[in-house]
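Take a look at the structure set out below.
The values are calculated or read from the model by the stated rules, or taken from the named source; none is laboratory data. Quick caveat, the model's predicted, so the values are computed rather than measured. Glycine gets a Cβ as well: all are built from the backbone with ideal geometry, and neighbour counts include every protein chain shown. When the accessible area is computed, the model is the full protein with side chains, heavy atoms only, and any ligands, DNA or RNA have been set aside. Shrake-Rupley method; radii C 1.70, N 1.55, O 1.52, S 1.80 Å.
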Amino acid sequence: MSAILLPVILLSASLVLASLSPAAAQSAPSAQQATAVSPEAIKQREQELEATREEQRKAAELQKKLKADMAAIGQDRSKLNQQLIEIATQVRSVETRIGETEAELRPLDAREQQIRATLDSRRSEIIEVLAALQRAGRRTPPALLVRPEDALQSLRTAMLLGAVVPELRGRAEKLASDLGQLVALRKEIATKRDVLARDRDRLKDDSIRLAALVDERQRKQSAIEKDMESEGARAINLSKQVDSLQGLIGKMEQDLKSAAKAAATASLQGAPAAPGGKPNLGALKDPARLSPAIAFASAKRLFAFPVNGRKIRDFGGSDGAGGVEKGISLATRPGAQVTTPCDGWVVYAGPFRSYGQLLILNAGGGYHVLIAGMERISVNIGQFVLTGEPVATMGTTSQVASILATTASQPVLYVEFRKDGTPIDSGPWWAANEGEKVRG
């Protein structure tokens, strides 16, 4: 039996080594290239057609479910708000899992390449070992095994049967160890890529559903505010008349009807009392509320970041232009979902100076939250938004000029808190861990 196994080992591992060299594979002539339509090509086209049909079927089912959801919501604002917050939470959860899986794959991919490079650099040594093993055999191998798994199994079987002579055993064991690592890595990578593919499909479906819900929310909002479009245009014109954020806030809350109304409501209702000094977290469960459930000042250590991302700049640090940062900056995934960290009234939504797309919330009690760097904002001036409600989406690159110079290759969200017009450190408001974050 060993006389058969040893030549198999040689050809198996040799073919594995050959597969490590893309150049060799590209230089080899292919008989299939000369064939007009091979059975494999036909099978691949059939699989692609079936996959397309499955995508169409899933899309039709999703559209049907969306229509049913909209019909169930009807004119119930609280149901719509609740679904918006729930689906936005799901989207951000899937975004988190995708990021984690991608982070886990990077070192695995690097390790696989390292093992392949090691095997390739030891080509002459491996050939020498395998040639010696082949000389111990007496028959031509019955088949060509091309997978690392086959070569590994052949090596292990040969060593188990004692077909490897003592002086070659150490070198054969090293080869088996490297092949074993390669096989294990390939299995782990394949598993994680399957998970990643499923999460990306889930994110795609959830994003479609979220977009439909957001459109429905804004349609209902438009029905309430007939002059919303003209208000938005006027807000942009007013923004061109001021140079500072404080000037913008003052201009909006004084001259623009929707923003002024929101600011007035915030002054009256924006700071609910906190019995015993502790915020009533239960109030966040009411999706029909029209004023903040928690006073901004008493919500320290409760807020979640508006987007999944990595903090790259902090309050008080250098802004790269000789000044200091007045907010924080979060590097995000392209197209990431942006949600509100707190309840508040929208007093500005649109482009402004070097901030790109800018959203300003009046959170009551003299507090304002500024969020900038998005590609698209999905709320309007005067609108009251709830904690965790989707309000914008990120683009593919940085939109904020002060960040663009140093981080142009990825989207970055800028967040700034203000109290009575003065930028303040938002650090005390962010939750230390997932369990402490407030949810809508």
Please list, or write none, the lysines whose alpha carbon is within less than 27 Å of the alpha carbon of Lys187, excluding same-chain residues fewer than 8 places away.
Lys43, Lys174, Lys204
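Can you tell me the accessible area per residue over region 272-423, all protein chains present, probe 1.4 angstrom, in square angstrom? Don't skip to the answer; put the middle values down first.
Values: 5510 Å² over 152 residues.
Computed with neighbouring chains in place, this is 36 Å² per residue.
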Show me 248-259, 107-118, 328-339 ranked by packing, highest mean number of other Cβ atoms within 10 Å first.
328-339, 248-259, 107-118
Using 1/(1 + (r/R0)^6) with R0 = 45 angstrom and r between the beta carbons of Arg353 and Ser177, what's the FRET efficiency to the nearest 0.05?
0.15
How many angstrom lie between the Cα centre of region 86-115 and the Cα centre of region 329-359?
25 Å
Correct semi-axes for region 274-345, from √(5λ) of the alpha-carbon gyration tensor and rounded to whole Å with the largest first, are 29, 17, 10
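Using a simple charge model, +1 on the beta-carbon of Lys and Arg, -1 on the beta-carbon of Asp and Glu, nothing else, what dipole does region 182-254 show about its Cα centre, in debye to the nearest 20? List each step's numbers first, then the result.
Working: 16 positive and 14 negative charges, 100 e Å.
It works out to roughly 480 debye.
Which of the residue pairs Lys261/Lys419; Lys278/Lys326; Lys300/Lys326 have a Cα-Cα distance greater than 24 Å in the structure shown? Display every interim value, and only then the final one.
On the way: Lys261/Lys419 19 Å; Lys278/Lys326 28 Å; Lys300/Lys326 18 Å.
Too far apart for the 24 Å limit: Lys278/Lys326.
Looking at the square roots a ≥ b ≥ c of the eigenvalues of the Cα gyration tensor of region 176-258, which shape do they give, rounded for a/c under 1.5, prolate if a/b is larger than b/c, or oblate?
oblate
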